[in-house]
Amino acid sequence: FGPNSFFALPLPNWSVTYNGLSNWPLFRLLTTQMTVRHGYSATYDLDYRSDALAFAEGGSFENETIGGQSFQVPVDARQSQNVRLNERFQPLIGFNMTFRGGIQADVNFTQSRALSLSVAGANVSESTTDEVSVRLSFSKTGLRIPLPFVNRRRINNNVRMSLTFSTANNSDQRLNFRQDFLDTIAGAPRSPQTPEASTRLTLEPRVSYTISSQVTADVFVRYTSLESEGSRIPSTSTLNGGFNFRISFSGN
């Protein structure tokens, strides 16, 4: 850390992609293309206020009473108020594969963490998420499907089918430093910290048709389940579905 609670250097952010696995003998027999990805990004935000008296000669002091004892605490010229750190591995590791036969697969493992320090409340909130997502898709071009009520006419069609599955584990907890300090002075055991946990599962099959460059349609079903443990958010499950039909018109 540098002065005023800022990092001396910016947080690193990077992205790595390697597409040479498709040349390995084992993967070359099964796939036509295979890519491994890894990426990391982070942000650090700080709010602070300035105390004009602290810049004066002799500085500035505040009286603080904790556990029946009084302390004189020097006031910094710049006082941090809230500190927020967000970091994300997106993905920690991910695979993009195209198998022989036209099947494509995307597999990603993602991790994220958000930390928030409140100086006034003397507590830190932490939220972590681990997510695994898998997407399988298959496309077929050049289909010729006969249209009803149209004599001897067939239109070229493209069809694409996909299945998306993801599961995410989330954990939230708050660490109260002031209460821990008071418990320590009083000789009492530290207050237990029980994180709030939840697991979200999503499953979505989808079928898309491209009848021509002007007409497209797709249908999907999405199932979502949320299982919570020690959380204020109740466990729920939802089932949604939809049908989209698009027609494009163009004229001179």
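Quick check on Arg144: is it of a type in the set (Lys, Arg) and modelled with pLDDT of 75 or more? Here the answer is no, as Arg144 does not meet what is asked. Checking each residue in the stretch 14-42 for being touching a residue at least 12 places away in the same chain (Cβ under 8 Å), surrounded by 12 or more Cβ atoms within 10 Å (Cβ to Cβ) and farther than 16 Å from Asp106 by Cα picks out Tyr40, Ser41, Ala42. For the stretch 223-234, the set of residues classified as open to solvent by less than 90 Å² (accessible area, probe 1.4 Å), within 20 Å of the chain's Cα centre (by Cα) and at pLDDT below 90 consists of Ser228, Ser231, listed by residue number. Being under 24 Å from the mean Cα position of the chain (by Cα), open to solvent by 60 Å² or more (accessible area, probe 1.4 Å) and modelled with pLDDT under 85 is a condition met by no residue of the stretch 242-250. Can you tell me which residue is farthest from Thr129 (Cα to Cα) among those in the stretch 159-196 that are acidic (Asp, Glu) and touching a strand residue (DSSP E or B) at 6+ places or on another chain (Cβ under 8 Å)? That would be Glu196. Taking the criterion of being surrounded by fewer than 15 Cβ atoms within 10 Å (Cβ to Cβ), among the small types (Gly, Ala, Ser) and assigned to a strand (DSSP E or B), the only residue of the stretch 206-222 that qualifies is Ala217.
Quick grid of which residues meet (1) small (Gly, Ala, Ser); (2) surrounded by 15 or more Cβ atoms within 10 Å (Cβ to Cβ); (3) in a strand (DSSP E or B):
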residue	(1), (2), (3)
Met97	no, yes, yes
Thr110	no, yes, yes
Ser116	yes, yes, yes
Gly121	yes, no, no
Val124	no, yes, yes
Ser133	yes, yes, yes
Thr141	no, no, yes
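Can you name every residue in the stretch 179-194 that is without any contact (Cβ under 8 Å) to a residue 60 or more places away in the chain and either open to solvent by 60 Å² or more (accessible area, probe 1.4 Å) or in contact with a helix residue (DSSP H, G or I) (Cβ under 7 Å, 6 or more places away or on another chain) (or both)? Listed by number, the residues that qualify are Gln179, Thr184, Gly187, Pro189, Arg190, Ser191, Pro192, Gln193, Thr194. Kindly provide the set of residues from the stretch 116-136 that are of a type in the set (Asp, Glu) and closer than 30 Å to Ile103 by Cα, ordered by number. Asp130, Glu131, listed by residue number.
Note on the stretch 172-192: residues that are acidic (Asp, Glu) and not in a strand (DSSP E or B) amount to 2.
The values are calculated or read from the model by the stated rules, or taken from the named source; none is laboratory data. The shown structure was predicted, so the numbers you read here are calculated from the model rather than taken from an experiment. For neighbour counting, all protein chains shown are included, and Cβ atoms are generated from backbone atoms with ideal geometry for every residue, glycine included. Calculation scope for accessible area: heavy atoms of the full protein, side chains included, ligands and nucleic acids excluded. Shrake-Rupley method; radii C 1.70, N 1.55, O 1.52, S 1.80 Å.
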